[in-house]
Amino acid sequence: MKNLKLYTLPLSPYNTKVRLALKLKGLDFESIEFAGFDDRDPVVEVSGQPLTPVLTDGDKAVYDSFAILRYLDANFPGPRLYSADRVRQQKIQEWERFGSELGGILGMVLTQAINNEIDEKATEQAQALLDTVPQVLEDALSNSRYLMGDDISAADLSLVPFLSFTVWKAEQVEHPLAKFVAERLQLSASFPKTRAWIESVMELDLEPISS
C-alpha cells in the first residue's frame, strides 16, 4: 500500500500543480480522482474540508497546493521546489503570486463553463489580461530554460498548469470544460520560449500516475 495519496480533481490547475510536483520528485503515490464537485465525503473525511487537492501521508493530511508543495520539499528527497537562498526564495514566491493572478484570469472563463452561462464581455476581458502575460514570461525565459534557471521549481509549477489550457487546440480536447476554455483563451504563437516552456513542464504529466 502506498503511503502517499492524492485526492484530486485532475483538470484543476491547482491539482495539476501538486501532481506535477509529485512526479518531479519521483514519488510513488495513489491518485484518487473526482469527476466534479459532488461526492466529496472522502475528502472531508481525511482533511476536514471539501476542497482538493489533498495529500495524505499515512495519517497526516495536507490541503492547499501551496502548503502541499512546501510539505513535499520539507519531507521528501528529489529536486528542490524552493530555495534556501532568501533572494531566490522571494522570487519564487513572487511567481507563485503571479500564478494566483493567472488563476483569476482562467476563472473568468472557467466559471462560465461550470455555470453554463456565456459572458462574452468577461471572455474578452480575460483574453486582454492574458495578452499581457507572455512578454513578462518571454523576458524571464530569455536566458534560461525555466523561470529560476535550468531546473524546474515551484515557480514553474505555479504558472504552467494555468497556461496549459491556452496552448491546447480545441479540436484535440475532449473534456468539455477544457474545450470551453481552449475555444476562448489562446496564447499567442508569437512567444515561442513561453510555449516551449509550458510544453516542457507539462511533459512531467506524461509520466504514468500510480493508482
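Things worth noting here:
- The single residue among ARG86, ARG40 that is of a type in the set (Lys, Arg) and modelled with pLDDT under 95 turns out to be ARG40.
- Scanning segment 102-128 for residues that are in contact (Cβ under 8 Å) with a residue 60 or more places away in the chain and under 12 Å from PHE180 (Cα atoms), we see that the one that is surrounded by the fewest Cβ atoms within 10 Å (Cβ to Cβ) is ILE114.
- From the list GLU203, GLU199, the one residue that fits, being under 16 Å from PRO134 (Cα atoms), surrounded by fewer than 17 Cβ atoms within 10 Å (Cβ to Cβ) and either of a type in the set (Ser, Thr, Tyr) or free of Cβ contacts under 8 Å to residues at least 60 places away in the same chain (or both), is GLU199.
- Segment 161-196, residues that are under 12 Å from PRO134 (Cα atoms) and buried (at least 22 other Cβ atoms within 10 Å of the Cβ): LEU163, THR166, THR194
- Entirely in segment 96-172, the helices (runs of 4 or more DSSP H) that have 2 or more residues that are outside the structural domain of PHE66 (by TED's automatic domain parsing) and small (Gly, Ala, Ser): 120-130, 154-163
The values are calculated or read from the model by the stated rules, or taken from the named source; none is laboratory data. The structure displayed is predicted, hence computed values, not measured ones. All Cβ positions, glycine included, derive from the backbone under ideal geometry; neighbour counts span all protein chains shown.
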